[in-house]
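Reading through the structure tokens given below for one structure.
The values are calculated or read from the model by the stated rules, or taken from the named source; none is laboratory data. It should be emphasised that the depicted structure is a prediction, and the values quoted were computed from it without experimental measurement. A quick note on method: Cβ atoms are made from the backbone with ideal geometry, for glycine too, and the neighbour counts reach across all protein chains shown.
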Amino acid sequence: MGWGWMPTQAQAQAATLKPHAQGPEVDEAPLRAHLALLSSDLFEGRGTGQRGGDLTVAYLETQAKVLGLQPAAPGGSYRQAVRLLGTRTLQAQSQLQIEGGKTAAPVLKFGADWVYGSGNGQALNALADELVFAGYGIHAPEERWDDFKGQDLRGKVLIVLANDPYPTEAEPGRFAGKAMTIYGRRGYKYEEALRRGAKGVLVLHTEASTLSSWSVVSQGAFSEQFQLDGASPGLPLQGWISAPAAEQLFQAAGLDLDALRAQAETREFKPVPLGLRLKGELHAAVRRLEQFNVAGLVPGSDPKLKDELVIYTAHWDHLGKIRGSDGQEQIFNGAVDNASGTAALLAMAQAAVRQPARRSQMFLWVAAEEQGLLGSAWYTQAPLWPLARTAASLNLDTLNFVGRTRDIGAHGAERSDLGAMAAQVASQMGLSIAPPRVDVGGYYFRSDHFSFAKAGVPAFSVSSGGQYLDESPAVAEKRRAYGKRYHQPSDQYDPSWDLAGMREQAQYTLKLGRAVADAEAMPAWRAGDPFAAVKR
């Protein structure tokens, strides 16, 4: 702290935080019961815009009433309507092809080689546009980085690299080193291309740059995609292209993709026209619909502080039913992601109503996280409680189903006073804070706490620790194996799961939230953090 850092009031009080004589205790039995039911075929994968999603909202609303949570939405309702625009690519009618090149351009197959959709809400988009390689598609003045160099990209379709530039020996800290920055997010690349008048973007997929397989990326193309209704129209074309398909494409253009990738790692890079055109029509089925955030309240006990709020969030949605390229429909139940967080919030609410805190507490199950954090983004645009009086947002997403740990994950807490409070609460529970990790996958930008952080509310996701009490190889393999089940139909509930670690993760989150709710002052962002400049 040699650069002159001084503790804020909230950090100072965290140092002397006293444990409650008898804080509310989260029970494992309701957590397991909710988890098993919500991830069963009965809820059909809790898909956005699907019957399973409607059933999930009805279930959460009913449970909120049973638990004694007060309605937090207007009109005495637990439901906050989230207006969405749904778009489904009509593959049979859509005919997109690559033309030109020094050799015959490859014929790319939807799903296997590339996936795409429209982001502007139009049922028909006609394209006959030049392809341009635009490096990472980033303009970051603070990094002295500009992939565009003033070139006119209006009406062009850009091919861009996933993630952001790698650190070098000379600049180990550029773009946060090995961690992903906001510039590495696919949404940023779409938005930047749109600002420059581009017609479309195809992000070049590799497992190294996305930390996910092509199957995870491509499966969503066969289902409906969503955006907030009323948002500014997006690109006519947006999607992914696989690495093998991109190599064929660049070969047809007479270009060396590996050499261009190397150039894209330098500040001198300039956009490179491929001499190819993407031509055809993109047809889509478009509809408007409502989904719902579900919000229940435990009013605060302090006459003054009850007007301030702590929010606990978890997304209730998963991928639902998806019909693959073979025409077969499968249910993606999403037991870990995120029936676990949904169930945990219910168990936490059951405990919280028994002993209110000084500040009010909201349990918020948000919609359409898998579609781009849409439910939480909608909430921050139309909050049910003033953001200026919202002390913190603590998020649960993909909980520990393996077993108890000696530590707890609090990545992102260090950005604000929540870091000191998180460490103190962990100590009270006999836990340590998991060591800092390099956020290679940009996870801080990929779950619902990020919507609140962007709106100026101190926020992070409480994640599992990594130091398991049972250090056997079987436990380590159980955790590693989940990577193969992520966003796959195999993410199913197993009655043999040891949920002691999941209960502890939920208990920790509730205790931390209560510490924030009982503190004299609301947490503040660390000086210099990008979110500290946001005025709530």
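Listed values, structure above:
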{"read-out": "Hits in region 52-68 - residues which are among the hydroxyl-bearing types (Ser, Thr, Tyr) and either within 20 Å of ALA335 (Cα to Cα) or buried (at least 21 other Cβ atoms within 10 Å of the Cβ) (or both)", "value": "THR56, TYR59"}
{"read-out": "Residue match in region 197-209 (condition: in contact with a His (Cβ under 6 Å, 6 or more places away or on another chain) and over 20 Å from HIS487 (Cα atoms))", "value": "no"}
{"read-out": "Any chance LEU158 is out of contact with any helix residue (DSSP H, G or I) (no Cβ under 8 Å at 6 or more places or on another chain), assigned to a strand (DSSP E or B), within 30 Å of ARG287 (Cβ to Cβ) and modelled with pLDDT of 95 or more", "value": "no"}
{"read-out": "Any hit, region 162-179, residues being of a type outside the set (Val, Ile, Thr), crowded, with 22+ Cβ neighbours inside 10 Å and closer than 20 Å to GLY200 by Cβ", "value": "yes"}
{"read-out": "Candidates TYR468, TYR493, filtered to the one that is under 24 Å from GLU44 (Cβ atoms), at pLDDT 90 or above and either not assigned by TED's automatic domain parsing to the domain that holds ALA347 or not aliphatic (A, V, I, L, M) (or both)", "value": "TYR493"}
{"read-out": "Of residues in region 35-88 being in contact (Cβ under 8 Å) with a residue 24 or more places away in the chain and of a type in the set (Val, Ile, Thr), the one farthest from GLY375 (Cα to Cα)", "value": "THR87"}
{"read-out": "Residue match in region 94-107 (condition: free of Cβ contacts under 8 Å to residues at least 60 places away in the same chain and either among the aliphatic types (A, V, I, L, M) or under 12 Å from GLU281 (Cα atoms) (or both))", "value": "yes"}
{"read-out": "Pick from region 364-411, criterion assigned to a loop (DSSP other than H, G, I, E, B) and β-branched (Val, Ile, Thr), ranking: nearest to the chain's Cα centre (by Cα)", "value": "THR398"}
{"read-out": "PRO236, sole failed condition from (1) surrounded by fewer than 20 Cβ atoms within 10 Å (Cβ to Cβ); (2) at pLDDT 95 or above", "value": "(1)"}
{"read-out": "Region 483-510, residues that are part of a helix (DSSP H, G or I) and either surrounded by fewer than 20 Cβ atoms within 10 Å (Cβ to Cβ) or of a type in the set (A, V, I, L, M, F, W, C) (or both)", "value": "GLY483, LYS484, ARG485, ALA500, MET502, ALA506, LEU510"}
{"read-out": "Pairs with Cβ under 7 Å, 6+ apart, first in region 143-167 and over 27 Å from ASN125 (Cα atoms), second among the small types (Gly, Ala, Ser) and surrounded by fewer than 17 Cβ atoms within 10 Å (Cβ to Cβ)", "value": "PRO167/GLY173; PRO167/GLY177"}
{"read-out": "Scan of region 334-359 for residues that are touching a strand residue (DSSP E or B) at 6+ places or on another chain (Cβ under 7 Å) and over 17 Å from ALA517 (Cα atoms), ordered by number", "value": "GLY334, ASP337, ASN338, GLY341, THR342, ALA344"}
{"read-out": "In region 81-139, residue modelled with the highest pLDDT [restricted to those that are outside any strand (DSSP E or B) and of a type in the set (Ser, Thr, Tyr)]", "value": "TYR136"}
{"read-out": "Residue within region 417-427 that is outside any helix (DSSP H, G or I) and either modelled with pLDDT of 90 or more or among the β-branched types (Val, Ile, Thr) (or both) present", "value": "yes"}
{"read-out": "Test: residue in region 398-412 that is touching a Leu at 6+ places or on another chain (Cβ under 6 Å), within 15 Å of LEU512 (Cβ to Cβ), at pLDDT 95 or above and buried (at least 20 other Cβ atoms within 10 Å of the Cβ)", "value": "yes"}
{"read-out": "Residue check for LEU249: in a loop (DSSP other than H, G, I, E, B), aliphatic (A, V, I, L, M) and in contact (Cβ under 8 Å) with a residue 40 or more places away in the chain", "value": "no"}
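Residues checked against (1) polar (S, T, N, Q); (2) more than 26 Å from LYS65 (Cβ to Cβ); (3) touching an Asp or Glu at 6+ places or on another chain (Cβ under 8 Å):
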position	(1), (2), (3)
GLU308	no, no, no
TRP316	no, no, no
ASP326	no, yes, no
ASN338	yes, no, yes
ALA343	no, no, no
ARG354	no, no, no
ALA367	no, no, yes
GLN371	yes, yes, yes
VAL402	no, yes, yes
